[in-house]
Amino acid sequence: MASSSSSSPSAPAFSFRSWKYHVFLSFRGEDTRNSFVGHLYSALEQNGIYTYKDDETLTRGESIGPSLMKAIEESQIAIIVFSENYANSSWCLDELVYIMNCKNTRGQIILPIFYDVDPSELRKQKGKYAEAFTKHELENKTKVESWRKTLVDASNIAGWESKDIANRHESKFIKEIVNTILPMLHPVTSSVNDNLIGIETRMQRLKSELKIGSGGVSMIGIWGVGGGGKTTLASSIYSEISNNFDGCCFVENIREKSSKYGLENLQEKILSGVLKQNKVKVGSIEEGKRMIVDRLCRRKVLIVLDDVDHLVQLKALAGSHDWFGEGSRIIITTRDKHLLNAHRVKLMHNIRLLNDDEAIKLFCKLAPQDNRPKEDYEQLSKDVVSYAGGLPLALTVLGPFLSDKDIDEWVSALARLKQIPNDDIVGKLKISFDGLTKVEKDLFLDIACFFRWEKKDRAMEILDACGFHPGIGVKVLVQKALITILDGRFDMHDLVQELGHHIVRGEDPNYPELHSRVWKREDVLTICAMDATTEVDMIEAIRYDSGTIYGLSHLPPVVANTKNLRWIDWQGDLASPLLTKFPQRKLCCLILHDSLQKQLWEGYKNLPTLKIIELYGLDNLLITPDFRGLPNLERFKLIASSHLEEIHPSIGHLERLVFLSIETCSRLKRFPPITRLKKLKTLSFSECPGLFKLSEIQQEKMDNLPHLHLDSSGVTEVQKPGKGINVKYWLEGSSLPRNNMNHIRLCFFRRDLRTLNLSLCNLGDEDISSSVWELPNLQELDLSANRFSRLCFSLLRLPRLKFLNVTNCLSLAELSELPSSIAILMADECLSLERFGDISKCKWLWKLSLHAGYKVGPLGGDLLLHSMLQVWLYIHF
């Protein structure tokens, strides 16, 4: 070694700064360019060490220029190869002086290599170095002293000597140099880093998931909405961790490039990038796969596959974990989570949009307001940030656009954006939409125009009625980050919703008759004012918001003439029958609010595709429509029609009806037999106090009625030919008229019933026959707040019962024979409870509550069971 230190060169302590190059390579070209230095440069590049190598020659007497000085300044490490004729070049000596100056002023690391020379020749300037300085004394006397001193200083820095090369193979020697450099490196920064607000926290989270340095091969997917920062995050993490791998490659914009140049071209890019070879050629996709496996299966590589949109791309570029060597990491960015699932990518990273503080910082950086009154632009800046909704793409587009605009132009631009979205933002977001199927596009547009913030289950009923089979389609939209489901409701980013609106209104925003969906106030008014002969066949769905139309006593003829209308949701003052001239052969869903009709239509109306009718607040309605022309009706709901007295008898023949609800109809006294509704799952007559009797509500074909709602009705008698009523409660929200419950004898429960709530039903000792309790699957039973003093059946007949609640049963005197499956028993406020059964066999019991109840006597058996105490013993006396 060239100094007293026996260890390899190490980095001095200095604060982190940004570098453009990892290494600046200084050498005497005629000595080493085509031998040692050429081999060293190739090894550095192959290991991802970004190296500046000056291959130019200067005319005698010239000195180094500004561009070379800048390259030296921007390099973290300088490797100086001192060779036999190094001192002959005034260029090399000037370069050396500048490098040593950067060491002292900028913290640059210096690594000398003494190639075929001894360090003492530099230190004492003897041999060839003495000859060189004799010549320099004649030509550059003013610089000689500086050169001499600098050579002495450089010779005292720890480095590698020529004997190190002589005693081993040059390739091993170069490998040692590379391995010494790699741990010293800081990431090379890019020109965009100044604008990467919030990137550090996101990188830390991603790095923790990547577990750099651990074994195995990992693939991680970064997915989310377009313009959300997926590529930026992947690029930043790539720059920071690439030095930890034997080879690296960032394959950007795969969606576009695979279509334009083919997957073979991308395979070539990976092979060339990782292997640092310029002439890797691939003849076919299958050949490319084999070459990637053969060349990379023993290499620790880092590969980023950016903007993947088809599974075939992943299969061709990173088909399996065993394609790559131990410790490799493959990062995939995509808008479609489904691709990651299909490729069995286990680690998924959902891109997190900017929070308000981060968004403000980014916007102010892109649209600086240094020379403007802060108070004038502060609220406008917040408005822009609110519009962008944390989407970095939107801020990077709008920031520069607004940067040179005055306050009036800002106000104007914001107003315009709310009507006409920016083309660059729409274009980027629309990529995800373009990748959908026709049905998926329709689903997205319906949700964007009508169902944002709508309960998912409610919207799904309508979408299913329209024939979209939305289950799989909605999942696709979620996986492509076009929609989300929060608290059981559909949601989406504001700008994604704007995209949907823009697609529907398209290039004809002022011609709503050409739109497939109509929901805006001004568009509705425009259509309603049109002549009856106007063609509006493009309209598939229309919603009239409350207050949109005033004093409209009939359906506008132009709407009645639509031929492709799927569903209509109308809130207004209609007085005449709605469908008198309504030739709707495609209508699937009809929803009316607060209309004034006495009837929907007269006589028979053939509507073969109609599946849903929902009527709210039709206070003047006297009779439901004739249902004979609605063979496919699945859902009929009528709420708050105070004058309704009669249900058309044809309702009993709707064999496809699943949901039937007639609620808050105070004058309804009779309901026709519904003996053929074999698919009925929900039947409700809640808050119909005039309805006292349900006759023949089911026969043998109606074996499953999971939901029966009679709360606040006047029903006191249910006639039941055959098996009787099957009732399922609790989780589905079923309910019975609790005040009158003691007058109803329930004769049968479904054997597959799991949860039963009979709380507050005024039940006495004999109100429920013991024959109903053959319920082998019942798990939860709530009998709280009833009148009985004892149970008329044995709980042992409920072998799977886990939860029993008899709280506030004030007359209950005894509770015996608990099933061994019981886990929670609630018997608070049971003031008459005196006898309690043996619970020693209740091995799963972990919560027993007897607060303010249970007067006397032992509980029986070994109460303090070990298994019970291990979880929670909760007893109050």
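The values are calculated or read from the model by the stated rules, or taken from the named source; none is laboratory data. The shown structure was predicted, so the numbers you read here are calculated from the model rather than taken from an experiment. When we count neighbours, we look across all protein chains shown, and the Cβ atoms used for this are built from the backbone with ideal geometry, even at glycine.
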| message | Here is a check on your reading of the model: is GLU513 modelled with pLDDT under 90 and either more than 26 Å from VAL559 (Cβ to Cβ) or part of a loop (DSSP other than H, G, I, E, B) (or both)? | response | no
| task | Within the range 386-413, track down each residue that is assigned to a helix (DSSP H, G or I), closer than 26 Å to PHE444 by Cβ and in contact with a helix residue (DSSP H, G or I) (Cβ under 8 Å, 6 or more places away or on another chain). | result | TYR387, ALA388, PRO392, LEU393, ALA394, LEU395, THR396, VAL397, LEU398
| said: Which condition from (1) buried (at least 20 other Cβ atoms within 10 Å of the Cβ); (2) free of Cβ contacts under 8 Å to residues at least 24 places away in the same chain is the one that SER328 breaks? | reply: (2)
| message | Scan the range 574-582 and tell me whether some residue there is of a type outside the set (Val, Ile, Thr) and modelled with pLDDT of 75 or more. | response | no
| field | Per-region count, the range 595-614, residues touching a Ser or Thr at 6+ places or on another chain (Cβ under 7 Å) and either among the hydroxyl-bearing types (Ser, Thr, Tyr) or closer than 18 Å to ARG543 by Cα (or both) | value | 0
| query | Which one of the conditions (1) over 21 Å from ALA448 (Cβ atoms); (2) outside any loop (DSSP other than H, G, I, E, B); (3) among the hydrophobic types (A, V, I, L, M, F, W, C); (4) at pLDDT 80 or above does VAL558 fail to meet, given that it meets all the rest? | reply | (4)
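Mind listing whichever residues of the range 281-299 are among the charged types (D, E, K, R) and over 15 Å from LEU266 (Cα atoms)? Outline the logic, then answer.
To start, the set of residues in the range 281-299 that are among the charged types (D, E, K, R) comprises 281, 286-287, 289-290, 294-295, 298-299.
Hits for the range 281-299 are ASP294, ARG295, ARG298, ARG299.
On the given criteria, is ARG505 crowded, with 20+ Cβ neighbours inside 10 Å and either touching a His at 6+ places or on another chain (Cβ under 8 Å) or at pLDDT below 80 (or both)?
Details: crowded, with 20+ Cβ neighbours inside 10 Å: yes; either touching a His at 6+ places or on another chain (Cβ under 8 Å) or at pLDDT below 80 (or both): yes.
Yes.
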| request: Say whether the condition of being more than 23 Å from ILE542 (Cα to Cα) and touching a helix residue (DSSP H, G or I) at 6+ places or on another chain (Cβ under 7 Å) is met by at least one residue in the range 627-634. | output: yes
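Determine if the range 693-700 includes at least one residue that is at pLDDT below 90, within 25 Å of LEU596 (Cβ to Cβ) and over 46 Å from the mean Cα position of the chain (by Cα).
Initial filter on the range 693-700 (at pLDDT below 90): 693-700.
After this cut, where a residue has to be within 25 Å of LEU596 (Cβ to Cβ) as well, the list is none.
Checked against the condition, which is being at pLDDT below 90, within 25 Å of LEU596 (Cβ to Cβ) and over 46 Å from the mean Cα position of the chain (by Cα), the range 693-700 yields no hits at all.
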| message | What's the number of the only condition in (1) surrounded by 14 or more Cβ atoms within 10 Å (Cβ to Cβ); (2) at pLDDT 95 or above; (3) part of a helix (DSSP H, G or I) that HIS338 fails to meet? | response | (2)
| remark: Reported set for the range 102-143 where residues are aliphatic (A, V, I, L, M) and surrounded by fewer than 17 Cβ atoms within 10 Å (Cβ to Cβ) is ALA130, LEU138
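Anything in the range 346-370 that is part of a loop (DSSP other than H, G, I, E, B), of a type outside the set (D, E, K, R), in contact with a helix residue (DSSP H, G or I) (Cβ under 8 Å, 6 or more places away or on another chain) and touching a residue at least 40 places away in the same chain (Cβ under 8 Å)? List them, or say none. Break it down into steps so the answer makes sense when it comes.
Within the range 346-370, the subset part of a loop (DSSP other than H, G, I, E, B) is 346, 351-355, 367-370.
If we keep only those that are of a type outside the set (D, E, K, R) as well, we get 351, 353-355, 367-369.
Subsequent filtering for residues that are in contact with a helix residue (DSSP H, G or I) (Cβ under 8 Å, 6 or more places away or on another chain) retains 351, 353-354, 367, 369.
Hits for the range 346-370 are ILE351, LEU353, LEU354.
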| Which residue pairs have Cβ atoms closer than 7 Å, lie 6 or more positions apart in sequence or on different chains, and pair a first residue in the range 376-393 that is free of Cβ contacts under 8 Å to residues at least 60 places away in the same chain and closer than 15 Å to GLU409 by Cβ with a second residue that is of a type in the set (Val, Ile, Thr) and crowded, with 18+ Cβ neighbours inside 10 Å? | SER381/ILE360
| query | Here are some residues: VAL280, VAL274. Which one is among the β-branched types (Val, Ile, Thr), modelled with pLDDT under 95 and not in a loop (DSSP other than H, G, I, E, B)? | reply | VAL274
| message | I'd like to verify a number: residues in the range 278-311 that are exposed (fewer than 13 other Cβ atoms within 10 Å of the Cβ), of a type outside the set (D, E, K, R) and out of contact with any helix residue (DSSP H, G or I) (no Cβ under 7 Å at 6 or more places or on another chain), how many? | response | 1
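Given the residues PHE450, PHE468, PHE490, which is the only one that is assigned to a helix (DSSP H, G or I) and modelled with pLDDT of 90 or more?
Numbers: PHE468 fails: assigned to a helix (DSSP H, G or I); PHE490 fails: assigned to a helix (DSSP H, G or I).
Sole residue among the options that is assigned to a helix (DSSP H, G or I) and modelled with pLDDT of 90 or more: PHE450.
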| request: Determine if the range 242-256 includes at least one residue that is in contact with a Ser or Thr (Cβ under 7 Å, 6 or more places away or on another chain), surrounded by fewer than 19 Cβ atoms within 10 Å (Cβ to Cβ) and of a type outside the set (Asp, Glu). | output: no
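Please tell me if LYS428 is more than 19 Å from GLY198 (Cα to Cα) and surrounded by 16 or more Cβ atoms within 10 Å (Cβ to Cβ).
On the way: more than 19 Å from GLY198 (Cα to Cα): yes; surrounded by 16 or more Cβ atoms within 10 Å (Cβ to Cβ): yes.
It is true that LYS428 is more than 19 Å from GLY198 (Cα to Cα) and surrounded by 16 or more Cβ atoms within 10 Å (Cβ to Cβ).
With respect to ASN156, determine if the residue is under 57 Å from the mean Cα position of the chain (by Cα) and modelled with pLDDT of 85 or more.
Values: under 57 Å from the mean Cα position of the chain (by Cα): no; modelled with pLDDT of 85 or more: yes.
When the stated conditions are applied, ASN156 does not pass them.
So is PHE444 within 30 Å of the chain's Cα centre (by Cα), aromatic (Phe, Trp, Tyr), assigned to a helix (DSSP H, G or I) and surrounded by fewer than 22 Cβ atoms within 10 Å (Cβ to Cβ) or not?
Numbers: within 30 Å of the chain's Cα centre (by Cα): yes; aromatic (Phe, Trp, Tyr): yes; assigned to a helix (DSSP H, G or I): yes; surrounded by fewer than 22 Cβ atoms within 10 Å (Cβ to Cβ): no.
So PHE444 fails the test.
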| message | Here are the criteria: (1) part of a helix (DSSP H, G or I); (2) surrounded by 16 or more Cβ atoms within 10 Å (Cβ to Cβ). Tell me which single one ARG458 does not satisfy. | response | (2)
| request: Give me a count of the residues in the range 198-245 that are β-branched (Val, Ile, Thr), in contact with a strand residue (DSSP E or B) (Cβ under 9 Å, 6 or more places away or on another chain) and outside any loop (DSSP other than H, G, I, E, B). | output: 5
